[in-house]
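Data first, discussion second: the structure below is written as structure tokens.
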Amino acid sequence: MSKAHGYAAHEARMPLSPFHFERRALRPDDVRIDIRYCGICHTDLHLARNDWGITVFPCCPGHEIVGTVSAVGPQVTKFKVGDLAAIGCLVDSCGECDQCHRGNEQFCRNGYTLTYNGKDRVSGEVTHGGYSDHIVCRESFVVRVRAALDAARVAPLLCAGITVYSPLRKYRAGPGMRLGVVGIGGLGHMAVKLGVALGCEVTVVTSSESKRDAAHALGAHRVLSSKEPGALASLASGLDLIIDTVPVAHELDPYLGLLDVEGALVVVGAIAQMPGFHARSVLKNRRSISASPIGGIAETQELLDFCALHGVHPDCEMIPIQDVNRAFDRMERADVKYRFVIDMASLGRDGSA
Ligand SMILES: [Zn+2]
Ligand SMILES: [Zn+2]
């Protein structure tokens, strides 16, 4: 066992505060990572506040983890001490089912293990995430961070990035594809950058006219205001794929009308009861509606390698961990461009953790 410290929610609706706990001793195929950066995801806020009624307290969040390998078990072959490495939303799965064999650990038929608020497959203990000084994880759930990447700006790729990259790959986004991105927050800004890097013609749809310049700055070729009368109609049947990153329940009909024949709209932002849609909105052009959660481990590695090759980085605002509660409040107001990342070197500076 090793002594760990970090920040945790000790009960619902209480601010996060210092937390001391123990990480397991290294198993033969385990890697220990000293955490340097951890992104802040909306899920962290929901679980810390027990919005979904499934949180086990104390809850140490964080599933966008980047750090340096500081120890390896005797059977580890992919990593050595000193390597830059990362962990996303999952730390384990059964490894034996058809979906695990296909690299779809996120669909493991026997239950994957979440990086935090999950249950370790061996010990049954509750898992703790990246708002902490180090983590221990099976090497098969650790991905490599190439030197071409700026370590301080990699973290959001591990959840926000893979969440949009996975559907982009499934629908074969590439040169010639007309891609729509609805909303530009943490997920949307990554969808724009990745879509551009993949060679798509990218249209951003936003309800906020003030985001027009920001969308172009991210590389978008066209920006439509969903509030401007006639704006969406001007692009009717003009897109092949829409990545819908709106984080709350919303009408789909206005966006479905943008899809050309066989086009698909993929919901990645909202985990909510959605309003209905008119069947005509999908039967016209034989459109489809889909939704998609994160991605598999091999696909996450592919994303990091793609970003290293193309120089794609999320836009991050770096904070010390002592500001995490303020960051949660600001995130709720969408007051961040576009993702908070905790600089874990700040841990311990307040003397209490
Ligand atoms: Zn997340
Ligand atoms: Zn499985």
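Relative to the longest principal axis of the C-alpha atoms of the chain, give the angle of the C-alpha long axis of helix 160-170, reported between 0 and 90° and rounded to the nearest 10°.
Around 50 degrees separate the two axes.
Show which lysines lie in cross-link reach of Lys337 when reach means a straight Cα distance below 28 angstrom and same-chain residues fewer than eight apart are skipped.
Lys170, Lys193, Lys211, Lys227
If you stretched the chain out fully between Glu251 and Ala279, how much longer would it get, using 0.36 nm times the residue separation minus the C-alpha to C-alpha distance?
Extra length from Glu251 to Ala279 when fully extended: 8.8 nm.
Once each part is reduced to its C-alpha centroid, what is the distance from the stretch 59-103 to the stretch 234-248 in angstrom?
One Cα centre to the other: 34 Å.
Please identify, among His128, His101, His310, the residue showing maximal mean-square fluctuation in a Gaussian network model of the chain using a 10 angstrom Cα cutoff.
His101
For the stretch 229-240, take each phi angle, set θ = phi - 60°, evaluate the Karplus expression 6.51 cos²θ - 1.76 cosθ + 1.60, and give the result in whole Hz per residue in order, putting x for glycine and proline.
These are the phi-based 3J(HN,Hα) values: x, x, 5, 5, 4, 5, 10, 3, 6, x, 10, 9 Hz.
For the chain, compute Rg over Rh where Rg is the Cα radius of gyration and Rh is the Kirkwood radius from the inverse mean 1/r over Cα pairs.
My calculation of the ratio gives 0.97.
Tell me, what % of the accessible area of the chain is carbon and sulfur with a 1.4 angstrom probe?
Solvent-exposed carbon and sulfur of the chain make up 52 percent of the total.
For an R0 of 22 angstrom, estimate the FRET efficiency from the Cβ-Cβ distance between Ala272 and Arg333 and round to the nearest 0.05.
Efficiency for this residue pair is about 0.75.
Using a Gaussian network model of the chain with C-alpha springs under 10 Å, which one of Val192, Val122, Val142 is most mobile by mean-square fluctuation?
Result for the chain, Cα springs under 10 Å: Val122 fluctuates most.
Can you tell me the accessible area per residue over the chain, all protein chains present, probe 1.4 angstrom, in square angstrom?
Roughly 42 Å² per residue, with all protein chains present.
What ranking, highest mean first, results for peptides 319-326, 133-140 when packing means the other Cβ atoms within 10 Å averaged over each residue?
In descending order of packing, they fall as 133-140, 319-326.
Let me check against my output: what whole-number percent is the relative contact order of the chain, with C-alpha pairs under 8 Å and at least 6 apart?
After rounding, I find 17 percent.
Compute the relative contact order of the stretch 1-91 as a whole-number percentage, counting only Cα pairs closer than 8 Å that sit 6 or more residues apart in sequence.
30 percent
Among Cys97, Cys159, Cys38, which one shows the biggest mean-square fluctuation in a GNM of the chain, springs joining Cα atoms closer than 10 Å?
Cys97
Pull up all non-local amide H partners of Asp92: gap of 5 or more, or a different chain, and H-to-H distance under 5 Å with H placed in the peptide plane.
Thr113
Can you give the FRET efficiency to the nearest 0.05 for Ser208 and Ser17, using r as the Cβ-Cβ distance and R₀ = 41 Å?
It comes out at approximately 0.75.
Based on the Cβ-Cβ distance from Ser123 to Asn325, what FRET efficiency comes out when R0 is 35 Å, to the nearest 0.05?
0.70
Let me know the charge dipole size of the stretch 102-261 about its Cα centre in debye, to the nearest 20, where only the beta-carbon of Lys, Arg (+1) and Asp, Glu (-1) is charged.
Dipole size: approximately 480 debye.
With a cut-off of at most 16 other beta carbons within 10 Å, and DSSP calling the residue loop, which chymotrypsin sites (Phe, Trp or Tyr not before Pro) in the stretch 246-327 qualify? Please list them.
Phe277
Is it possible to state the helix-based mean residue ellipticity at 222 nm for the chain, with each DSSP H run of 4+ residues giving -39500 (n - 2.57), the sum divided by total residues, to the nearest 500 deg cm²/dmol? What is it?
-5500 deg cm²/dmol
For the stretch 117-159, list log₁₀ I(q)/I(0) at each q in 0.23 Å⁻¹, using the Debye formula over Cα point scatterers of equal strength and ignoring solvent, two decimals each.
The Cα Debye sum returns log10 ratios of -1.02.
The values are calculated or read from the model by the stated rules, or taken from the named source; none is laboratory data. Please read these numbers as outputs of a predicted model, since none were measured by experiment. Please note: Cβ atoms are built from the backbone with ideal geometry, for glycine as well, and neighbour counts cover all protein chains shown. With ligands, DNA and RNA removed, areas are computed over all heavy atoms of the protein, side chains included. Shrake-Rupley method; radii C 1.70, N 1.55, O 1.52, S 1.80 Å.
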